[in-house]
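Here the structure is laid out as structure tokens; the discussion comes afterwards.
Bear in mind these aren't lab numbers, they're just calculated from the coordinates by the rules spelled out. Values in this document were obtained by computation on a predicted structure and should not be read as measured data. Methodologically, a virtual Cβ is constructed for each residue, glycine included, from the backbone with ideal geometry; neighbour enumeration extends over all protein chains shown.
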């Protein structure tokens, strides 16, 4: 069963997924296989859900839609998706979809690397980094080779195979960094800025429901409020308060769409005792009330499913 949050959002860990190799030593921290097999044998992933691990998916055949935190991405050969823990996603896929998917936990990767390695990769160094890459034919072939090498190590389990997988995984991440758009990468120029930004976002992710003042975050980071404000402005062109509010609104959206909680219950879940204030806050950020947002999203998803069925199964 998936881990349950206090609001009953589905958040899966790796042990929830069938391991076709019965590789017990990896069942909690690593998983890799062909995407068609993954989709066929884990039908529960058709519904919106989150993970407590990193996910990397490369599409080599097929089409459809991949919705990640309310943003739609096309599914086609060369599409690469890189998700961090906590992101909610779902997909609508054609029957001929193929590719490779892998999961890994932070602990698995950091077994052979220092704690800052993951956050130096541009797609992991910010909550707001793009989870999508468009690879050309040559790039796709190169990344695909690394998937296959990891699959071979995973299935044969020769001496030091975990270390070999981490080496291939690190090589893949380094290669994908080369392909990551310059406009995304350019925001994070100094290692210090990246490390500090991640510290702040990690604290926000941990404490956003408590609505702590900025001084608490700055104190835990051992910097001044002014320095924290400058850091956020420089790296994301946002105020710390904007980042904190965006995290609240993102969680509100997830709860509104992916749970059966009432708006009042969601307000309480996010530690707003006054639901009318929460509604005003949400509307100011999204231009919609929570109920309007829920209705609009349900209509949009229903229309997408109908169009998808008409195109791929009824056409």
### Query
Calculated FRET efficiency, residue 134 and residue 98, Cβ-Cβ r, R0 22 Å, to nearest 0.05?
0.80
## Note on the structure
In vacuo Debye sum over C-alpha of the chain, base-10 log of normalised intensity I(q)/I(0) at q = 0.08, 0.11, 0.12 Å⁻¹, listed in q order, is -0.39, -0.76, -0.91
### Task
Sort 150, 167 so the one with the fewest other Cβ atoms within 10 Å of its own Cβ comes first.
167, 150
### Summary
Quick calc, residue 289 & residue 211: beta-carbon distance into FRET formula, R0 25 Å, rounding 0.05, result 0.75
### Summary
Computed from the beta carbon distance with a Förster radius of 30 Å, FRET efficiency for residue 179 and residue 271 to the nearest 0.05 stands at 0.15
### Task
Give me Rg over Rh for region 191-298, both radii from the alpha carbons and Rh done the Kirkwood way, two decimal places.
1.03
#### Entry: Sequence of 97, 32, 15 once ranked by neighbouring C-beta atoms within 10 Å, starting from the fewest
15, 97, 32
